[in-house]
Structure formats: C-alpha cells, structure tokens
Amino acid sequence: KAGVTQTPRYLIKTRGQQVTLSCSPISGHRSVSWYQQTPGQGLQFLFEYFSETQRNKGNFPGRFSGRQFSNSRSEMNVSTLELGDSALYLCASSLPGDTQYFGPGTRLTVL
Amino acid sequence: QQQVKQSPQSLIVQKGGISIINCAYENTAFDYFPWYQQFPGKGPALLIAIRPDVSEKKEGRFTISFNKSAKQFSLHIMDSQPGDSATYFCAASKSGGSYIPTFGRGTSLIVHP
C-alpha cells in the first residue's frame, strides 16, 4: 500500500496570505489528523476528520481550518498567516482508534 | 497539562551502547503506547508499540518496557548505531473510537561512531 502523501512538500508565504495543504491518506483509512510540529512545542494536534466530519479539534485559532472529502483526502487551510505559523505540518491517517501513520509533512515558511 | 512526559530531551550515546528513553503518563484510560522515530525532513514513523497486557515487547534491537502500576514505559535501543540518530516520540492513546494520541515532547538521540 502507498503511504500517506502530502503536497506540497515545501511552501514559502508572506504574512497575511493564506495557504492550503493537501493530504492523501493510506487507502482504506478514513480518519485523518493534522499536526503542527515546531522545535519548541513538539507535535501539536490541530484537528481530526472522519467520514468528512471534524471529530476532534485542538487548541488552535479559527484561522486554522480543514475539511475532508468523500474519498478521505483532506485539506487544511491557514488564513492570515503569521510568522509563528512557520512549522512542519504533518498529516496522519489511521483506521478508527488504531495506529496513526504519518506523511512526510509540508514545511511552511512564513516571511 | 502535559499528559505524557518524556525524558531526556536529548541523549548522546556511543556506538554499541544502550539508549534509554522514558515516558510517564497520567491518564489510566490509555491502553496503547506507540513509539515513533523521526529523521530530519521526514514524518514520524511507527517504530514499535505495546499494549498494557504485556510488560515488555522486543523487535530486533528495540525493546519497550512497560510498568502499568507506575504508569511508565520506556524505549531501549540495544547496540545503538549512528543510523539510529533521530528524534524519538512516545505516545499514549485509547484504542477504539475517536481518541487522539497524546505525544511526548520528543528525545533527540545522537549516536557517535
């Protein structure tokens, strides 16, 4: 089986812009979670989608949003980018309540 | 409130030595404890996982020791190799349903040749 794929792998944006990141889960996995990883904060949970519904949400401002499509592919959007949003954004897919498998991440740099 | 505390934050070991990383959790509902390995520029990859019905699980040079009463678990890397140099994350979750794993802060391991 192909692993979790994320696009793009690298992204450079300026403050105030918005960005959309994409994640394709492992075939058959309907649960998709997003994480923000920074050196200082480690892995921070953003949100989880299952069957096109947001099932869990972390403690991030409303500028961070996501959605999931009927084929389980997911996107996350960050609006009005801030310098502090620079991070590695990771997507993980799983069967319900099972091990999470991570993608390679999207490295976002905000200038 | 950090539900999974991981230590040490960084670890330097000589080739052939034993690397030990410890994690402690608070929520007694957790019943699944995976360890992830992450190389620079890559996403975390599942290394080994344990459930509390066993006290130890070994896969090659990697062993998880689990102490349910103390709510602690640890990763032991035997005969550490330079290729093991990476960041290691422990996690804890509850299987089934919509439980999201709680991750430790990570341990940066450097194995000197």
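Since every read-out is calculated from the coordinates, none of them should be taken as a lab result. Note that the structure is predicted; figures quoted are calculated from it, not measured. No Cβ is skipped: glycine too gets one built from the backbone with ideal geometry, and neighbour counts run over all protein chains shown.
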Shielding of B:51-58 by partner chains, average beta-carbon count, 10 Å: 0
For peptide A:35-45, what's the mean number of Cβ atoms from other chains within 10 Å of each residue's Cβ? 4
Between B:ILE12 and A:SER27, take the C-beta separation as r, use R0 = 41 Å, and let me know the FRET efficiency to the nearest 0.05. 0.55
Which listed pairs, of A:LYS1/B:LYS42; A:LYS1/B:LYS71; A:LYS57/B:LYS58; B:LYS5/B:LYS94; A:LYS57/B:LYS57; A:LYS13/B:LYS5, have C-alpha distances above 27 Å, in listed order: A:LYS1/B:LYS71; A:LYS57/B:LYS58; A:LYS57/B:LYS57; A:LYS13/B:LYS5
In whole Å, what is the distance between the alpha-carbon centres of region A:1-77 and region B:60-113? 24
Assertion target for A:LEU90, B:LEU46, A:LEU46, ordered by fewest C-beta neighbours within 10 angstrom first, is B:LEU46, A:LEU46, A:LEU90
Per-residue mean of C-beta atoms belonging to partner chains within 10 Å, peptide B:103-112: 2
Go through B:ILE12, A:GLY28, B:ALA24 and say which Cα lies farthest out towards the positive end of the charge dipole of the protein assembly as shown; charges sit on Cβ, +1 for Lys and Arg, -1 for Asp and Glu. A:GLY28
The exposure ranking of B:ASP84, A:ASP98, fewest beta-carbon neighbours within 10 Å first, is A:ASP98, B:ASP84
